Structure formats: C-alpha cells, structure tokens
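Note sheet for the following structure.
The values are calculated or read from the model by the stated rules, or taken from the named source; none is laboratory data. Treat the numbers as computed from the prediction; the structure is a model and nothing was measured. FYI the Cβ positions are ideal-geometry reconstructions off the backbone, even for glycines, and counts take in every protein chain you see. We work out accessible area using only protein heavy atoms, side chains counted, and drop any ligands, DNA or RNA first. Shrake-Rupley method; radii C 1.70, N 1.55, O 1.52, S 1.80 Å.
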Amino acid sequence: MPTLPGNCPFCGGPIEVSAFVCNDCGAAAEGRFAPNKLAALDAAQAEFVLTFVRNRGNIKELERELGLSGSIKLASNESPLGPSPKAVAAASAIGYPVVMKIVSPDIIHKSDVGGVKLNLAGAADVRDAYELMMARIHDHHPDARLHGVLIQEMVTEGREIIIGMTRDPQFGPMLMFGLGGIYVEVLRDVSFQLAPITTDEAFQMLVGTRIFKLLKGVRGEKSVDMKLVAECIQRISQLAMDFPMIEEMDINPLKVSAELARAVAVDARVRISELRA
C-alpha cells in the first residue's frame, strides 16, 4: 500500500495514502489532524441520570426508573447482613462467572475494604461472597450506608486503562489518560489535556504514556483499536463540556481488547455538583 512522505507525528508509523491514516496508530492525516465526527451522545438520557442522582440520590429508585443493562445488575436488600437471593438471581441472569461489588455512597475504594469479589463461578460462590462481604464491611465501616451489591459480567480479556476528568475552577475540564487498574496511583503513567479535544490531541494523550507501547502490542501481539481508545477519550471530553454539573469522573479500569475490538467500562466514579439555591 503506498504511503505519504514522512511518518505519523504521533507514533512514527507510515501514513497510508488511500485512507489518509497512520498504519500503526490510526491517526487521520488530513493536513491538520481533523476531529472525529462522533455519533451524538444520548444527551437527554445522560441529563436525566445526572439530574435524578443529584436531586434524589437514591440508587435503588434510579435502577427502577432506568433499568440496568444485561451485563450489570443491582441486587439490593433491606437486610444488609442477611442472605441475598436477589444477588444469585442477578448473577444467574447475567451468566457465570461474575463480579460482585459493594454499593455504598460512603465507600469509594471498594477493593481496599473487601468490597470486590472476582470470578464467582456459581450460586454458592455468590451467596458466600455476599455474606462475607457484608459482614466485613459492617465490622470495618459500621456507619456506612449499604444499598446492596452490584453484579457484573466478569471481563477477563483486554488491557486496563484509565480515562478521567476533573473540573478546574479556572481552566475548566482537565482530561486524564493512562495505565489503569489498582496500580494507577503508584506508577502514575498518565497524560493530561484540557477539554475539548480533537482527534490529534486524543492521540497525543495516548503517545504521551508508556502504556502506548503495550496497546500497540509487543512480541507479536495484536494492537488494540487506537481509534476506539481515542474516541473514548473524546466522548468523556464531550460529556464534560455538555454537562458542567460533572465535577469529577473516572473510568478505571476501562478494558480494551484487541481480540474482541471492544472497550468495557469495568468500574466508574462520578462526582456531581450540589444544587445551588
């Protein structure tokens, strides 16, 4: 395939003439790297969710209003220390193996307090994990408000990345991209960019991290879809620009898979501004 003179300014790869994209990282090569034409966000749905939570803050009511996708379900229980047939039913509906996570507005870092259980393979595992999780959290955080547990699909494939945003009072939304998972605060392999961002700026965020080489694939591994990762960053940018009530958010980890060509948000956190009188 013929290539343009010179290389991609982001990753150094050759640029394909017919598609005007870099062969290695997928960046568009139309003079100045043009912004993606993203499909419109469902702004009405996003506004409903954010406003509902800010006004009422009841996750159980929110679930009843919206419903949750087939790969993630909320199993609430009025008796936090009792058995949870709802959790077993939710896990059976999703299909094993599953992940269980505590749902509490008072517990942010769930894994630090035993609030995450992975690879639950059957109903007995779900029941045991639920009872143990609730007992441990009750012992360590007796005053925490417990809404129940979240049951999710167990996602095993893919690289773990983080995409986040914090709203600076002077400069506005600051985006973050980098290595995700439990080591993000230790290794600090991240890059930053002010929103809104174009496609080339999203790719610059990717190239500015060490994990970029892993995403491209090493020792014969297949590269993940760099366009998909860049689009995920741009969508967070768009969400931050469209909804000033979002003060802070992060998706960690976001698992991106080369084999399945998909990105899955395994966990996410959003902080919304309080209503002003």
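Remarks
- Amide proton proximity set for ALA258, modelled H, under 5 Å, gap of 5+: ARG159
- Exposure rank, largest accessible area first [VAL116, VAL126; 1.4 Å]: VAL116, VAL126
- Accessible-area value, ARG159, 1.4 Å probe, nucleic acids and ligands omitted, Å²: 70
- Working from label points 7 Å from Cα in the Cα-to-Cβ sense, the ALA135 to ILE182 distance is 2.2 nm.
- Most to least accessible of SER237, SER223 (protein chains only, probe 1.4 Å): SER223, SER237
- With DNA, RNA and ligands ignored, accessible area of LYS86 (1.4 Å probe; Å², nearest 10): 110
- Solvent-accessible area, 1.4 Å probe, carbon plus sulfur percent, for segment 145-277: 53
- Cross-link pairs exceeding 23 Å between alpha carbons, from the set LYS110/LYS216; LYS101/LYS216; LYS86/LYS255; LYS117/LYS255: LYS110/LYS216; LYS101/LYS216; LYS86/LYS255.
- Solvent-accessible area per residue in segment 101-183 equals 51 Å², computed with a 1.4 angstrom probe and all protein chains kept.
- Amide H contacts under 5 Å for ARG271: GLU247, GLU248, MET249, restricted to partners 5 or more places along the chain or on a different chain, H placed in the peptide plane at 1.01 Å from N.
- Average accessible surface for segment 202-270: 47 Å² per residue, computed with a 1.4 Å probe over protein heavy atoms with every protein chain in place.
- Charge context of HIS141, other residues only, Cβ under 13 angstrom, K/R +1, D/E -1: -1
- Accessible surface of ILE251 - all protein chains present, 1.4 Å probe, nearest 10 Å²: 30
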